[in-house]
Amino acid sequence: MTLVTGLDREAVARTADALAMAGTTLVHHDLSSLPSGRVMRTTRSIDFDGVERCDIREISLEHGCVSCTLRIDLLPLLRRLHQRTTVERIVLQLDPLIEPEALCWAIEHVVCSDMPGFLDAPAGDDVVVDATIACVSEMDWLGAASGDVTLDEAGVADVEDERTLAQVAVGQVAFADALVLAGADPTFRDAWTSARLMEVLRRLAPSAPIVMELPQRPIRPGIVMQLLRAIGPTARRGAIYGPHDPLLSGAPPLTTECGVTLALFESDRPFHPARLHDALDHLLEGVICSRGRLWLATRSDDVFWLESAGGALHVEEAGRWLAAMSADERAEVDPERLAHAAVRWDERFGDRHSAMTILAHRADTTEIVQTLKAATLTDAEMSAGPDAWRNYADPFGTWHEEPCADTVAPDPGLLSITDRLEAEGNAPDDRHSDSEKGDHS
């Protein structure tokens, strides 16, 4: 199965269409009528004799949401298509509201039940993702990935959706195995914007091959197939990365080009929560995205995960450090995580540490790293010990969002660190959400 994603609906449609060939079924859910609880599903199949069949039908949902679309219609459809002898490949033309990472998680973990003739099982028992292609608009993507405009404010969603364009745009590219760059008309093309975009893409999806689709010249099937063949052996192919996986997978360049820099922050000292809270402002201006593990002085047993895109950021609980686990709990941990932890194990604090990547195009990453370092504990604070640390002011709960607002944690049915941990049997005991309510400037 191949996923085609992107904010540029037309580029996504052209790329998916280029993959429509003998033995292929193309599926597209149009979510523009989602507020009314209706979704238009197009299923286009081409058999081995070249005969094409197209089925367009309206799907009614009891609760008009993306999760319902996946659970009630798309996932069972994938299982049914798997049984057809005329189908060798499924191409999913994704609506921008469906994030590819969330979909791949659902394919592997959401059980499709009550399907006549089928055992209860996830769609991942029947289909496998061999590639995710993200379509990127040459002149528009950087603006979308840098701001804080929500999907409904941008007109992408007709339902109230507090996800930002930046979150979706960054997530699509970071998850992609290959990229199609929808080139701008030469009349409106800005060479500097294009050069900066390429440097961002090289760092955000370092191993993804890229082809450019020229204006007035739709991408051809042969080009898309060459793109798929160029995907390397280390590609994600639908794999979901956890909070303890390497932050620099794919060996992205760490040099600065066209003002674009990918910086790495690491510390073996915990963060003072209040100082970290103040330092987060530096990740919201001129930064495409940041992500990483946090060690908070007030919560020394818990791992926290930070992720930002454009002008929005969130921090959430992501399980426990190995040093806080019992021997029986460690026995259930992924061996690769144990191996990485052993390399940096500290006699007093074990595997506790902070590590973060920052991808910036209009910010000084050296200043950001220095600010983060200043937010860790001082020598005097380290000497005071964990008992003193627990009394520090802590603006973080199990969920925190920047800029601070009167919001609650997002629906975990889509995708969250807690989802991943629960699926692996490592969910934290404390499942409540604490959203800070207050003003932030």
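The values are calculated or read from the model by the stated rules, or taken from the named source; none is laboratory data. Worth saying up front: this structure is predicted, and the values here are computed from it rather than measured. Here the Cβ is made from the backbone with ideal geometry for all residues, glycine too, and neighbour counts use every protein chain on show. Each accessible area value is taken on the protein alone, full model and side chains, heavy atoms only, with ligands, DNA and RNA left out. Shrake-Rupley method; radii C 1.70, N 1.55, O 1.52, S 1.80 Å.
Taking every eigenvalue of the Cα gyration tensor of region 2-230, multiplying by 5 and rooting it, what semi-axes result, largest first, whole Å?
Gyration-tensor ellipsoid for region 2-230: 29, 22, 16 Å.
Would you mind computing, in nm to one decimal, how far apart the modelled labels at E162 and F48 are, each placed 7 Å from Cα along Cα→Cβ?
Reported label-point gap for E162 and F48 is 5.2 nm.
Residues in region 287-303, backbone N under 15 Å from the label point at A154 (7 Å along the Cα-to-beta-carbon vector): list them, ranges by number please.
Residues passing the 15 Å test: 288-289.
Compute the length gained on full extension between L254 and A374: take 0.36 nm times their separation in residues and subtract their Cα-Cα distance, giving the result in nm to one decimal.
Extra length from L254 to A374 when fully extended: 41.0 nm.
Would you rank D177, D126 by solvent-accessible area, highest first, keeping every protein chain in place and using a 1.4 Å probe?
The most accessible residue leads, giving D126, D177.
Taking the convex hull of the alpha carbon atoms in the chain, what volume per residue do you get, in Å³?
Dividing the Cα hull volume of the chain by its residue count gives 156 Å³.
Could you order F265, F48 so the one with the most accessible surface comes first? Probe is 1.4 Å.
Sorted descending by solvent-accessible area, the residues read F48, F265.
Which FRET efficiency, nearest 0.05, do T86 and D364 yield, Cβ-Cβ r, R0 60 Å?
0.60
Which ³J(HN,Hα) values, rounded to whole Hz and listed in residue order, are derived for region 214-219 from phi using the Karplus coefficients 6.51, -1.76 and 1.60 in 6.51 cos²θ - 1.76 cosθ + 1.60 with θ = phi - 60°, glycine and proline given as x?
7, x, 6, 9, x, 5
About its Cα centre, how strong a charge dipole does region 1-129 have in debye, to the nearest 20, once Lys and Arg get +1 and Asp and Glu get -1 at the Cβ?
200
If I build a Gaussian network model for the chain, linking alpha-carbon pairs within less than 10 angstrom, which residue out of S32, S308, S146 has the largest mean-square fluctuation?
Per the Cα network of the chain with a 10 Å cutoff, S32 tops the list.
Ignoring ligands and nucleic acids, what accessible area does M212 show with a 1.4 Å probe (Å², nearest 10)?
Using a 1.4 Å probe on the heavy atoms, I get roughly 90 Å².
For a quick check of understanding: with a 1.4 angstrom probe and all protein chains in place, what accessible area in square angstrom does H277 have, to the nearest ten?
Surface open to solvent at H277 totals about 20 Å².
Could you work out how much longer the chain between V128 and R220 gets when fully extended? Use 0.36 nm per residue separation minus the Cα distance between them, nm to one decimal.
30.7 nm
Pop out the ³J(HN,Hα) list for region 273-284 in order, Karplus 6.51 cos²θ - 1.76 cosθ + 1.60 with θ = phi - 60°, rounded to Hz; leave Gly and Pro as x.
Those phi angles translate into x, 5, 5, 5, 4, 5, 6, 4, 4, 6, 8, 10 Hz.
Just check region 236-314 against the gyration tensor rule for me: Cα atoms, a ≥ b ≥ c as the square roots of the eigenvalues, rounded for a/c under 1.5, and otherwise prolate or oblate depending on whether a/b exceeds b/c.
It is oblate, given that a/c is not under 1.5 and a/b is not larger than b/c.
In debye to the nearest 20, how big a dipole does region 205-335 give about its Cα centre with +1 on each Lys and Arg Cβ and -1 on each Asp and Glu Cβ?
Magnitude of the dipole: close to 700 debye.
From the phi of every residue in region 292-301, what ³J(HN,Hα) in whole Hz does the Karplus formula 6.51 cos²θ - 1.76 cosθ + 1.60 yield, where θ is phi - 60° and glycine or proline is x?
Working through the residues one at a time gives x, 8, 10, 10, 9, 4, 7, 10, 5, 8 Hz.
About the Cα centre of the chain, what is the dipole size in debye to 20, counting +1 per Lys and Arg Cβ and -1 per Asp and Glu Cβ, all else neutral?
In debye, rounded to 20, the chain gives about 1460.
So how exposed is C135, as accessible area in Å² (1.4 Å probe, rounded to 10)?
The value for C135 is about 10 Å².
Once amide H atoms are placed 1.01 Å from N in the peptide plane, what residues at a sequence separation of 5 or more from M212, or on another chain, have their amide H within under 5 Å of its amide H?
So M212 has HN proximity to L181.
Choose one of W389, A324, G311: the residue whose Cα lies farthest towards the positive end of the charge dipole of region 261-390 (beta-carbon charges +1 Lys, Arg; -1 Asp, Glu; about the Cα centre).
Positive-most Cα among the choices belongs to G311.
Residues of region 261-275 with the amide nitrogen closer than 18 Å to a label point 7 Å from the Cα of D346, along Cα-to-Cβ, please.
Residues passing the 18 Å test: 265-275.
Among the GluC sites (Glu not before Pro) in region 300-350, which ones are in a DSSP loop with at most 13 other Cβ atoms within 10 Å of the Cβ? Mind listing them?
Counting only loop positions with at most 13 other Cβ atoms within 10 Å, the GluC sites (Glu not before Pro) in region 300-350 are E332, E347.
Translational diffusion coefficient of region 261-390 at 20 °C, 1.002 mPa s, Stokes-Einstein with Kirkwood Rh over Cα pairs, in µm²/s as a whole number.
Here the translational diffusion coefficient equals 139 µm²/s.
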